[in-house]
């Protein structure tokens, strides 16, 4: 079963980093956040990835083109007039990674539509290349299989760094309290499972997946929500990147399921 990762946007809200590289290649703990996402799926046995590239796609392609070299111990021998390379230890992942140019300004639905031929007529995972979570991929897939829908969307409570102010009917402040995730509604966290029928709702490059396709699927009663109460965090801003970096350095990154 393939995992499709949307990695083609401009990442304008984290321009301090994305002016130099695509947002999925911004590093947490010395590894691109894209790598962290792939490691999570791989932990659950899903190692076939289709990455929808766009903005600065060459950086993503160069990273994987040299992945074997960067993650192995090697000796280069020039003594016989050739460039012989001997690999002593292989630290690479057992991944198959298809990096597809889905256009510079293509919308999310258009990007998914462009990779259809690499997926075939089978269910597939779909997620964004800028968020990490400790969601159990195996339980998500099992939920989807039993749901009868054509699209399952993982939903989380968004976190907030702002506290609540309690105000009564007369405009008097009656107290302050910390913001809790339970105070907010549910949002789409990515980590979706799609049936191939979803392609019928993707018309062209201008299709925004989060609008018409999802809304139409919901109206037809074929959209399911998998509620995740655990950790999830996107990386839209430099502040969020710093927060994820600190979690990684602390040794308690919740999304690092492959070593728990």
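The values are calculated or read from the model by the stated rules, or taken from the named source; none is laboratory data. The structure presented is a predicted model; accordingly, all values stated were derived computationally and were not measured. Cβ sites come from the backbone with ideal geometry, for glycine too, and all protein chains shown count toward neighbours.
Tabulated data for the structure shown
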quantity: Complete set of residues in segment 12-27 that are assigned to a loop (DSSP other than H, G, I, E, B) and crowded, with 16+ Cβ neighbours inside 10 Å; calculated: 21, 22, 26
quantity: Verdict on residue 166 being outside any strand (DSSP E or B) and either modelled with pLDDT under 95 or touching a helix residue (DSSP H, G or I) at 6+ places or on another chain (Cβ under 6 Å) (or both); calculated: no
quantity: Candidate set: segment 90-104, residues that are on the phi < 0 side of the Ramachandran plot, in a loop (DSSP other than H, G, I, E, B) and over 17 Å from the mean Cα position of the chain (by Cα); chosen: the one surrounded by the fewest Cβ atoms within 10 Å (Cβ to Cβ); calculated: 94
quantity: For residue 67: the one exception among (1) out of contact with any strand residue (DSSP E or B) (no Cβ under 9 Å at 6 or more places or on another chain); (2) modelled with pLDDT under 95; calculated: (1)
quantity: Candidates 200, 138 - the one that is at pLDDT 90 or above, assigned to a helix (DSSP H, G or I) and exposed (fewer than 11 other Cβ atoms within 10 Å of the Cβ); calculated: 200
quantity: Qualifying position, being surrounded by 15 or more Cβ atoms within 10 Å (Cβ to Cβ), at pLDDT 90 or above and more than 15 Å from the chain's Cα centre (by Cα), among 45, 9, 110, 30; calculated: 110
quantity: Identity of the residue in segment 214-230, part of a helix (DSSP H, G or I), under 17 Å from residue 155 (Cα atoms) and touching a residue at least 12 places away in the same chain (Cβ under 8 Å), that ends up farthest from the chain's Cα centre (by Cα); calculated: 217
quantity: Matching residues, segment 29-52, being under 21 Å from residue 247 (Cβ atoms), in a strand (DSSP E or B) and touching a strand residue (DSSP E or B) at 6+ places or on another chain (Cβ under 7 Å); calculated: none
quantity: Checking residue 55 against (1) assigned to a helix (DSSP H, G or I); (2) buried (at least 16 other Cβ atoms within 10 Å of the Cβ); (3) touching a residue at least 24 places away in the same chain (Cβ under 8 Å), the condition it does not meet; calculated: (1)
quantity: Residue satisfying all of: in segment 71-85; surrounded by 10 or more Cβ atoms within 10 Å (Cβ to Cβ) and either part of a strand (DSSP E or B) or touching a helix residue (DSSP H, G or I) at 6+ places or on another chain (Cβ under 8 Å) (or both); modelled with the highest pLDDT among these; calculated: 77
